[in-house]
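Chemist: Pasting a structure here, questions to come.
The values are calculated or read from the model by the stated rules, or taken from the named source; none is laboratory data. Owing to the predicted nature of the structure, the values given are computational and were not obtained by experimental measurement. Heads up, the Cβs are rebuilt from the backbone with ideal geometry, glycines too, and the neighbour counts pull from every protein chain shown. Just so you know, the surface numbers come from the protein's heavy atoms only, side chains and all, with ligands and any DNA or RNA stripped out. Shrake-Rupley method; radii C 1.70, N 1.55, O 1.52, S 1.80 Å.
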Amino acid sequence: MEFLKEIFTVLINSIFAQNFVFIRFLALCSFVGMTTSMENSIGMGGAVSFVTVMASVISYALYYFILVPLHLEYLQTITFILTIAVFVQLVELYLKKAVPTLYRAMGIYLPLIATNCMILAVTLLNITEQYSLMMAIVFSIGASIGYTLALILLAGIRIKMRYITIPKFLQGYPIIFIAASFIAIAFLGLQGIAR
Amino acid sequence: MTNLKQVFLRGVLQDNPVLILMIGLCSVLAVSVTTVNAIGMTIAYSFVLIGSELTISAIRNVIPKTLRIPIFIIVIGSFTTIIQLLVKAYSPSLDKSLGIFIPLIVVNCIIIGRVEAFSSKNTMLASLIDSLGMSVGYGMVIVSIAFIRELLGSGTVFGFPIFPSFIKPMLIFVLPPGAFFIIGIEIAIINAINKRLAKNKGK
């Protein structure tokens, strides 16, 4: 029971109270760039979620089975980013050969994922928060859900925004950030739920 | 000479990495809670950017085309690790408040973007100027956002209170929504400036 409670807390915390986009300010490049349509944001969300969960398992294993025994903890940043880049490349090659339909849907997002700062952040936070492997997986799932949720929310607002007149001064990117600011206020209201 | 000046100014105004190209936003919004943090972040960021641009442009002729991205990542990652260890050793309090955003410099799209687009094709001098311009452009944005957020949100400048105590600061500006709001306004302002500059040039 205690264990379930812990899982639930980490999950809710990473989805809402510490949302990766609105509260922790991670992965903002893709948040602005990929939310032009609903399909784009769902596609990007799915691709990033998959890579985040896999990368956090791989990097966790690398850290505790290779870096710690060799006392090379200070190399974690380089190791993790290379792991993510290699993993993304492998996924791309595999999808191209094995599942071409999925590749066509996900392919354009894959090169962008390697420099998505959320993935590196999740792998690094798994280590600094000293999560167990189970908790690391839960945390990365929560982070991905939070990220996808953020993309979908903003995409919805941007679709609605096509039908209204925006002051000339704020047209383009400025209004997107102001919309994001209001969504962030809503997420701020959820801060108290995970204590 | 005018060419180098243009390279420098492009990073500050027309191609400002944060406000125009919309990359490297994460650290700008997250760290700009106090001006001191913002200056610390700018120093760390400039170190990595200048170091990697100089290194890459020095070895640009021996990098094989197909392996360039992994090599860029290793060079940037090494500089990031150096600054991470330096900050941890000499300023533990700054390390604590910047937290995860120092190692995240490695995935900052500005750096890999400039290395790929500029210094892998240009001389070391031009790369130095370009990285300085980009650093100034980045620093200007992050410090100005931090200054406004600190002034409105906690009523202080560099940590010193400047308003009399009966004026309550607007807490929302140090919280995440304030950051989104202020960067939105700053983007609008720089767009207006650039539009006016372009108009004047056209005349």
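Chemist: Identify all residues within region B:29-80 that are assigned to a loop (DSSP other than H, G, I, E, B), closer than 22 Å to B:V174 by Cβ and either more than 14 Å from chain A (Cβ to nearest Cβ) or modelled with pLDDT of 95 or more (or both); write none if there are none.
Modeler: Passing the criteria: only B:T34.
Chemist: Give region B:92-109 a look and list any residue that's more than 7 Å from every other protein chain (Cβ to nearest Cβ) and surrounded by 14 or more Cβ atoms within 10 Å (Cβ to Cβ), or say none. Write out each step before concluding.
Modeler: Residues of region B:92-109 more than 7 Å from every other protein chain (Cβ to nearest Cβ): B:92-99, B:101-102, B:105, B:108.
Selection gives B:L94, B:D95, B:S97, B:L98, B:G99, B:F101, B:I102, B:I105, B:N108.
Chemist: For region B:32-50, does any single residue satisfy the condition of being surrounded by fewer than 21 Cβ atoms within 10 Å (Cβ to Cβ), more than 18 Å from the chain's Cα centre (by Cα) and small (G, A, S)?
Modeler: No, that holds for no residue.
Chemist: Kindly provide the set of residues from region A:73-94 that are open to solvent by 20 Å² or more (accessible area, probe 1.4 Å), aliphatic (A, V, I, L, M) and within 11 Å of another protein chain (Cβ to nearest Cβ), ordered by number. Lay out the reasoning, then the answer.
Modeler: First pass over region A:73-94, keeping only residues open to solvent by 20 Å² or more (accessible area, probe 1.4 Å): A:73-76, A:78-79, A:82-83, A:85-87, A:89-90, A:92-94.
Adding the requirement that they be aliphatic (A, V, I, L, M) leaves A:75, A:78, A:82, A:85-86, A:90, A:93.
Passing the criteria: A:L75, A:I78, A:L82, A:A85, A:V86.
Chemist: Restricting to region A:55-72, give me the number of residues that are open to solvent by 20 Å² or more (accessible area, probe 1.4 Å) and over 23 Å from A:I141 (Cβ atoms). Spell out the reasoning first.
Modeler: Restricting attention to region A:55-72, the residues satisfying the condition of being open to solvent by 20 Å² or more (accessible area, probe 1.4 Å) are A:57-58, A:60-66, A:68-72.
Next cut, over 23 Å from A:I141 (Cβ atoms) only: A:66, A:68-72.
Result for region A:55-72: 6.
Chemist: When region B:110-129 is examined, which residues are found to be aliphatic (A, V, I, L, M), away from every other protein chain (no Cβ under 11 Å) and surrounded by 24 or more Cβ atoms within 10 Å (Cβ to Cβ)? Reasoning before the result, please.
Modeler: We begin by selecting, within region B:110-129, every residue aliphatic (A, V, I, L, M); these are B:110-112, B:115, B:117, B:124-126, B:128-129.
In the following step, the residues that additionally are away from every other protein chain (no Cβ under 11 Å) were identified as B:115, B:117, B:124-126, B:128-129.
Within region B:110-129, just B:V115 meets the criteria.
Chemist: Could you list all residues from region A:116-140 that are among the hydrophobic types (A, V, I, L, M, F, W, C) and within 21 Å of B:C26 (Cα to Cα)? Spell out the reasoning first.
Modeler: Of all residues in region A:116-140, those among the hydrophobic types (A, V, I, L, M, F, W, C) come to A:117-122, A:124-125, A:127, A:133-139.
Selection gives A:C117, A:M118, A:I119, A:L120, A:A121, A:V122, A:L124, A:L125, A:I127, A:F139.
Chemist: Select from region A:92-140 the residues that are within 19 Å of B:G99 (Cβ to Cβ) and polar (S, T, N, Q) and list them in ascending order.
Modeler: Applying the first criterion (within 19 Å of B:G99 (Cβ to Cβ)) to region A:92-140 yields A:116-131, A:136, A:139-140.
Residues satisfying the conditions are A:N116, A:T123, A:N126, A:T128, A:Q130, A:S140.
Chemist: Taking region A:160-177 only, how many residues are away from every other protein chain (no Cβ under 13 Å) and assigned to a helix (DSSP H, G or I)? Show your work before the answer.
Modeler: Keep residues of region A:160-177 that are away from every other protein chain (no Cβ under 13 Å), which gives A:160-165.
Those left that are additionally assigned to a helix (DSSP H, G or I): A:160-161.
Of the residues in that region, 2 qualify.
Chemist: Please verify whether region A:95-108 includes one or more residues that are touching a residue at least 60 places away in the same chain (Cβ under 8 Å), outside any loop (DSSP other than H, G, I, E, B), open to solvent by less than 80 Å² (accessible area, probe 1.4 Å) and under 29 Å from B:P70 (Cα atoms).
Modeler: Within region A:95-108, one or more residues are touching a residue at least 60 places away in the same chain (Cβ under 8 Å), outside any loop (DSSP other than H, G, I, E, B), open to solvent by less than 80 Å² (accessible area, probe 1.4 Å) and under 29 Å from B:P70 (Cα atoms).
Chemist: How many residues, within region B:110-152, are under 18 Å from B:V33 (Cβ atoms) and touching a residue at least 40 places away in the same chain (Cβ under 8 Å)? Quick ask: steps written out before the conclusion?
Modeler: Of all residues in region B:110-152, those under 18 Å from B:V33 (Cβ atoms) come to B:138-152.
Then drop every residue that is not touching a residue at least 40 places away in the same chain (Cβ under 8 Å), which leaves B:138-147, B:149-150.
Of the residues in region B:110-152, 12 are under 18 Å from B:V33 (Cβ atoms) and touching a residue at least 40 places away in the same chain (Cβ under 8 Å).
Chemist: What's the number of the only condition in (1) more than 11 Å from every other protein chain (Cβ to nearest Cβ); (2) modelled with pLDDT under 85 that A:P111 fails to meet?
Modeler: Against the list (1) more than 11 Å from every other protein chain (Cβ to nearest Cβ); (2) modelled with pLDDT under 85, A:P111 comes up short only on (1).
Chemist: Could you pull out the residue among A:A180, A:A155, A:A184 that is surrounded by 19 or more Cβ atoms within 10 Å (Cβ to Cβ) and away from every other protein chain (no Cβ under 13 Å)?
Modeler: Working: A:A180 fails: away from every other protein chain (no Cβ under 13 Å); A:A184 fails: away from every other protein chain (no Cβ under 13 Å).
Within the list A:A180, A:A155, A:A184, the selection yields A:A155.
Chemist: Yes or no: region A:3-11 includes at least one residue that is aliphatic (A, V, I, L, M) and within 29 Å of A:I175 (Cα to Cα).
Modeler: Within region A:3-11, not a single residue is aliphatic (A, V, I, L, M) and within 29 Å of A:I175 (Cα to Cα).
Chemist: In the list A:T36, A:T52, A:T9, which residue meets the criterion of being within 14 Å of another protein chain (Cβ to nearest Cβ) and open to solvent by 20 Å² or more (accessible area, probe 1.4 Å)?
Modeler: On the way: A:T52 fails: open to solvent by 20 Å² or more (accessible area, probe 1.4 Å); A:T9 fails: within 14 Å of another protein chain (Cβ to nearest Cβ).
Of A:T36, A:T52, A:T9, the one residue that is within 14 Å of another protein chain (Cβ to nearest Cβ) and open to solvent by 20 Å² or more (accessible area, probe 1.4 Å) is A:T36.
Chemist: Could you check region B:173-194 and list, in sequence order, the residues that are more than 8 Å from chain A (Cβ to nearest Cβ) and either in contact with a Leu (Cβ under 7 Å, 6 or more places away or on another chain) or over 16 Å from A:F187 (Cβ atoms) (or both)? Even if it seems obvious, please write down each step before you answer.
Modeler: The first filter runs over region B:173-194 and keeps only residues more than 8 Å from chain A (Cβ to nearest Cβ), leaving B:173-174, B:182, B:186, B:189-190, B:193-194.
Once the filter is applied, which keeps residues that are more than 8 Å from chain A (Cβ to nearest Cβ) and either in contact with a Leu (Cβ under 7 Å, 6 or more places away or on another chain) or over 16 Å from A:F187 (Cβ atoms) (or both), region B:173-194 yields B:F173, B:I182, B:E186, B:I189, B:I190, B:I193, B:N194.
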